[in-house]
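To start, the structure under review is shown below, and the notes come after it.
The numbers here are math on the coordinates, done by the rules we state, and not lab data. The shown structure was predicted, so the numbers you read here are calculated from the model rather than taken from an experiment. Here the Cβ positions follow ideal geometry from the backbone for every residue, glycine too, while neighbour counts run over all protein chains shown.
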Amino acid sequence: MESVSISRAIPGPTAPLHEAMHDLEPFMKSAGFDTVTVDSDQFTIENNVGLLSISLDLQLVDRDADLAYEQIDGIFESMETRYTLEEGEETTTVTATTEFELDASIVGPILDATIIARQRKKELTRQFDYLEEVAAEANATE
């Protein structure tokens, strides 16, 4: 099982970040996915990575996290992402962790864990940038 995890301290309280994360379509689009389709607690993300077009069907799951989802269909043998928010005095620390196992019969020699991990870090970083913008807007209105 491979794992990608990043954290960032974002100025401000937890509530606006939690709300923004649960507005799935803009939150997932902020990662840079080409298409995001939300249907209740299930959603599909599509992305062009190099010459490949990758589509994942995901489902929200109940985990010890502020937001968590797992793949129900796609290129991974298994994949789960969890986001946690930890409120401090003046900042909220956001941590995102994706654990995945590649399905070698689908991925093969085209993609490897290193490429997937690098791409996932970029996506999570973009989402954190989005959350920083949300926090800045919320802090400006206070």
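With a cut-off of at least 2 residues that are among the hydroxyl-bearing types (Ser, Thr, Tyr), name the strands (runs of 3 or more DSSP E) lying wholly within the stretch 1-64.
2-11, 35-39, 52-60
Could we say that SER40 is loosely packed, with under 14 Cβ neighbours inside 10 Å, among the polar types (S, T, N, Q) and in contact with an Asp or Glu (Cβ under 7 Å, 6 or more places away or on another chain) here?
When the stated conditions are applied, SER40 does not pass them.
Could you count how many residues in the stretch 1-23 are crowded, with 19+ Cβ neighbours inside 10 Å, out of contact with any Lys or Arg (no Cβ under 6 Å at 6 or more places or on another chain) and either without any contact (Cβ under 8 Å) to a residue 60 or more places away in the chain or more than 13 Å from LEU85 (Cβ to Cβ) (or both)?
So the answer is 0.
Taking the stretch 118-129 only, how many residues are in contact (Cβ under 8 Å) with a residue 24 or more places away in the chain, farther than 14 Å from THR93 by Cα and out of contact with any strand residue (DSSP E or B) (no Cβ under 7 Å at 6 or more places or on another chain)?
3
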